[in-house]
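Take a look at the structure set out below.
Please treat every number below as a calculation from the coordinates, not as lab data. Keep in mind that what you see is a predicted model, and the values were worked out from it rather than measured. Positions of Cβ are generated from backbone atoms using ideal geometry, with glycine treated the same way; all protein chains shown enter the neighbour counts.
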Amino acid sequence: MNAMGCCAEDRRGSCLASESGRRTITTAEWATPALILLLLPKCPMCVAVYIALLTGIGLSVQTASWLRGTIIAFCIAAITLSAMRFLHRKLAIR
């Protein structure tokens, strides 16, 4: 069994593998909802067409509008949560 744990430590005693993994996760936390918002069509009719093309399921414009609004709300919530976690980590360091 390795006494140092899951990764090698440098001279300062910080875990190198967990730092790079943490950076990757943090980047994914910010990038995923941002990319979804960027690629999300602006009109509900386009959302209905994309869903029909990708899944074969037809949606009404009203349902597509509701779905688009829900996706936007979840993306904004995810970005806000990521920002709050980032600020909490930065303030905890001080």
Once you keep just the Cα pairs under 8 angstrom separated by 6 or more residues, what percentage relative contact order results for segment 30-93? 36
Assuming R0 = 35 Å, can you tell me the calculated FRET efficiency for the pair Leu87 and Thr63, based on Cβ-Cβ distance, to the nearest 0.05? 0.45
